[in-house]
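Read the figures in this text as sums done on the coordinates, not as results from a lab. Just so you know, these numbers come straight off a predicted model, no measurement behind them. Ideal geometry is used to build each Cβ from the backbone, glycine not excepted, and the neighbour counts take in all protein chains shown.
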Amino acid sequence: MEDFPDVLRDAATAEGLTPDQRALIEAPELRAFWKRLAEHVPVLAARGWSSLDAAAMLVGAVVIPLALGHDARGTAARRVRRKINMARRRKAARDARALAATLRAIQSEPLAPDVVLSALTCLPEWVRDMIGPTTPSYVWTFRTADALDCLADGLEAEPDLSEAPGLTSQKPSWRGYLREVVAALGDLAFRPREADMVRLVAVLCRAAGVMPPSRDAVRDALRERQPEPRTLA
């Protein structure tokens, strides 16, 4: 790592890096990419960042997605998609609505329990104390049946993966990692070059024993989600 940019060195040599993360840092073909990231540190520093924080964020944008499971095989996306059970959620929603209907019948009884008349009474005591006695009565009379309907609505809704770039692909692979990196660097007002991303993905795949994609495949993935660099205050 003698030729690794000094300004990024501390962040790039932190303890606990995985072999895949180290492969990205040590790959000779990525030296130009890391140099360009290093040249972006003064840009962030001019906007009020400390150089250490800027370096950590830039290095993290490249290596942290791997720690989250966005690897060459799309492990994170596969895990999320495999474990989301919409049939189970819809059944729970039906059960919630059935219970809500029963609670509405109980509401009409004399001396209906407080836990039926107000969803807030089901909260822990310390939360109720924070709400306090001066809270308007209409807040306290948010019916538990209405809360169950809200619960059912949430259970029936398909998970929104739009804010997680690495989970948007229907075919989990290296694309999830690429999207996470591009989005994270975009948040730092840095636009990566296509050539750098081709090399980055190639190193990632080789380290994992996966066939690297073609340049055209990487180009297509970049076109699918290429955020504009943000203007930092």
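With contacts taken as Cα pairs under 8 Å at a separation of at least 6 residues, the chain carries a relative contact order of 25 percent. Projected over every direction and averaged, the convex hull enclosing the alpha-carbon atoms of the range 1-54 yields 3.7 nm². Normalised by residue number, the volume inside the convex hull of the Cα atoms of the chain is 181 Å³ per residue. Phi angles of the range 7-13 translate, via the Karplus equation with coefficients 6.51, -1.76, 1.60 and θ = phi - 60°, into HN-Hα couplings of 5, 9, 4, 4, 5, 7, 10 Hz per residue; Gly and Pro are given as x. Distance between the pseudo-spin-label points of M86 and E156 (7 Å out from Cα toward the beta carbon): 1.4 nm. Counting 0.36 nm for each residue step from L68 to A217 and taking away their Cα separation leaves a gain of 51.3 nm.
Report the longest stretch of the chain that contains none of the trypsin sites (Lys or Arg not before Pro) sitting in a DSSP loop with at most 14 other Cβ atoms within 10 Å. Value returned for the longest uninterrupted segment is 48-192. Across the range 84-96, coupling constants 3J(HN,Hα) worked out from phi with the 6.51/-1.76/1.60 Karplus curve, θ = phi - 60°, read 7, 10, 5, 4, 5, 5, 5, 5, 4, 5, 4, 4, 5 Hz, and Gly and Pro carry x.
All Cα-Cα separations within the range 13-90 were binned at 10 Å from zero, giving a P(r) of 16, 36, 27, 14, 8, 0, each value a whole percent of the pairs.
Computed extension gain for D6 through R78, at 0.36 nm per residue and net of the alpha carbon distance, reaches 22.3 nm. For the chain, the longest principal axis of the C-alpha atoms and the axis of helix 194-208 are separated by about 80°. Over the range 15-144, Cα pairs under 8 Å with separation of 6+ residues give a relative contact order of 14 percent. Per-residue ellipticity at 222 nm computed for the chain from its helices equals -19000 deg cm²/dmol, with DSSP H segments shorter than 4 residues left out and the rest contributing -39,500 (n - 2.57). May I ask you to list the residues of the range 180-205 whose amide nitrogen lies under 16 Å from a point 7 Å from Cα along the Cα→beta-carbon direction of A46? Those under the cut-off are 188-191.
Remark on S118: its backbone amide H falls under 5 Å from those of T144, a criterion applied only to residues 5 or more positions apart or on other chains, H modelled at 1.01 Å from N.
Each label was represented as a point 7 Å from its Cα along the Cα-to-Cβ direction; for D53 and W140 these points are 4.4 nm apart. If one puts a single equal scatterer on every Cα of the range 98-153 and applies the Debye formula without solvent, what log₁₀ I(q)/I(0) results at q = 0.20 Å⁻¹? The Debye formula, applied to the Cα set alone, gives -0.74. Evaluating 6.51 cos²θ - 1.76 cosθ + 1.60 at θ = phi - 60° for every residue in the range 139-146, the Karplus couplings come out as 6, 5, 9, 6, 5, 4, 4, 5 Hz, glycine and proline recorded as x. Treating each Cα of the range 117-184 as an identical point scatterer and summing with the Debye formula, the log10 of I(q)/I(0) at q = 0.28 Å⁻¹ comes to -1.16.
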